[in-house]
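Working notes, structure below.
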Amino acid sequence: MKKVVFFSVLGIVLAAGIVFTLFWDKKDEANDVGKKQDSVQQDAKEVMKKSVEVSVSNDGNVNANHLYIPWTINKNGSSFFLSQREGSVIQIDGDFGLVKVEDVKVSKAIFHEGEGGFLGFTLAPDFNQTKMAYAYHTYQKDGKPLNRIVSLKLEKDTWKENKVLLEGIPGGKSNSGGRIKVGPDGMLYATTGDVGKSDNAQNLKSLAGKILRMTVTGAIPKDNPFKDSYVYSYGHRNPQGLAWDNKGNLYSSEHGESGHDEINLIQSGKNYGWPVIQGNEEAKGMVKPIIQSGDSTWAPSGMAFKDGKLYVASLAGKKIFSYDVTSKKLHEFYAEAGRLRDVLVDNNELYTITSNRDKRGKATEKDDRLIHLSLTEEASTKQD
Ligand SMILES: [Ca+2]
């Protein structure tokens with residue numbers, strides 16, 4: 001079945017990456033990163049001793065092992081670009097299985113702690129010409145975590161900061177949001193979490209607990225719903241997924257407080273309720289989700305849309321579920337690899353990434369993994 005198996009020797013490059021990160025932290029104000037960061041670094045070293053292992057099947061489908069807390073899957077032609085939360089991009093050539101580990105050099109050090117780090121990463125629609133991408137990452141200011149959105153340009157094997165689009169998005173150990181994507185309208189959308197302070201979500205002056213919309217150079221679009229504001233929608237707790245259907249409707253996945261995870265249809269200027277309402281509760285001027293998890297927990301993250309269905313990666317739920325937006329049927333699609341952070345659909349192929357090394361999962365020797373699944377051969381027939 002497997003045509004090629006590559007073992008890429010990357011230890012030296014990765015070790016250099018760790019040294020660089022430590023140096024960068026020292027140079028900035030991140031001296032109090034402390035023991036937690038040491039343990040994260042230690043785990044990174046353990047994984048990085050093993051090379052990224054890639055297999056390419058006869059029909060060109062790609063699987064990879066020994067990734068380290070990947071967050072976003074991008075695909076351009078046959079090449080994959082996977083962001084890793086500690087601050088790197090793994091590029092995999094899908095024709096030959098060759099692997100490159102690309103450093104990320106930003107002017108404010110990536111702060112990888114709690115749920116923060118190098119999170120959303122999306123290639124520019126004109127990447128082939130510009131070599132540009134957009135990213136959402138955590139950094140520190142005066143010892144406090146914040147998030148920022150930057151554009152990056154790939155030069156040789158390094159993603160270099162090109163422009164800071166937005167800084168000072170509230171950060172924290174949890175509920176950091178972090179998904180970033182370019183919409184069909186050419187605007188850049190980013191999800192931000194309430195960072196554990198639920199009042200942020202209803203405060204239109206706070207950038208936390210929102211879906212933000214900006215131009216790809218960081219300007220506020222003239223048709224944003226609130227004057228001089230990046231806020232596109234509000235009342236969110238911890239949205240982590242964005243996907244558009246063929247008609248341009250935007251959907252977002254969101255973590256509830258305890259259960260009550262949501263999928264929302266996002267419209268300009270609307271209030272999605274947190275912390276006033278959650279799940280199926282109702283209040284005037286607030287929009288209910290199109291579906292919510294009730295008392296069970298999905299912890300939904302990355303999403304993709306294909307043929308009338310949303311495919312949603314879920315962390316605590318340890319599965320990909322599909323939701324048919326017309327028939328409103330929920331279906332468990334795949335549940336065999338632990339915590340899942342993102343999903344990408346490419347024609348009839350679906351790719352997902354595990355997040356079993358984020359300290360909340362049970363990592364196997366192979367973790368973290370890029371996993372290929374076929375949409376035409378149902379991966380699971382179990383009904384929810
Ligand atoms: Ca809500």
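The values are calculated or read from the model by the stated rules, or taken from the named source; none is laboratory data. Not measured: the values here are computed from a predicted model. Glycine gets a Cβ as well: all are built from the backbone with ideal geometry, and neighbour counts include every protein chain shown.
List of remarks:
- Taking first residues from segment 270-287 that are assigned to a loop (DSSP other than H, G, I, E, B) and of a type in the set (D, E, K, R) and partners that are more than 7 Å from the ligand (Cβ to nearest atom) and at pLDDT 95 or above, the Cβ contacts under 6 Å between residues at least 6 apart in sequence or on separate chains come to K270/S233; K270/V287.
- Selection status of V312, within 16 Å of the ligand (Cβ to nearest atom), under 17 Å from the mean Cα position of the chain (by Cα) and on the phi < 0 side of the Ramachandran plot: yes
- Residue check for V276: surrounded by 13 or more Cβ atoms within 10 Å (Cβ to Cβ), under 22 Å from A64 (Cβ atoms) and within 16 Å of the ligand (Cβ to nearest atom): no
- Verdict on A135 being of a type in the set (A, V, I, L, M, F, W, C), within 22 Å of Y68 (Cα to Cα) and not in a strand (DSSP E or B): no
- With respect to being buried (at least 23 other Cβ atoms within 10 Å of the Cβ), of a type in the set (G, A, S) and over 22 Å from Q84 (Cα atoms), A201 fits the description.
- Looking at K288, K319, just one residue is modelled with pLDDT of 95 or more and under 22 Å from G120 (Cβ atoms), and that residue is K319.
- Matching residues in segment 230-265 - criterion: being assigned to a strand (DSSP E or B) and closer than 21 Å to D199 by Cβ: V231, Y232, S233, Y234, P239, Q240, S252, E254, E262, N264
- Candidates G317, G285, G338, G294: the one that is surrounded by fewer than 16 Cβ atoms within 10 Å (Cβ to Cβ) and over 17 Å from A201 (Cα atoms) is G294.
- Qualifying residue in segment 200-209 (condition: closer than 26 Å to R341 by Cβ, modelled with pLDDT of 95 or more and in contact with a Leu (Cβ under 6 Å, 6 or more places away or on another chain)): no
- Across segment 237-251, the number of residues qualifying as basic (K, R) and within 14 Å of the ligand (Cβ to nearest atom) comes to 1.
- Single condition D199 does not satisfy, out of (1) more than 10 Å from the ligand (Cβ to nearest atom); (2) over 23 Å from N147 (Cβ atoms); (3) among the acidic types (D, E): (2)
- Residue selected from segment 279-300 under the condition among the β-branched types (V, I, T) and under 23 Å from the mean Cα position of the chain (by Cα), by the criterion farthest from the ligand (Cβ to nearest atom): T297
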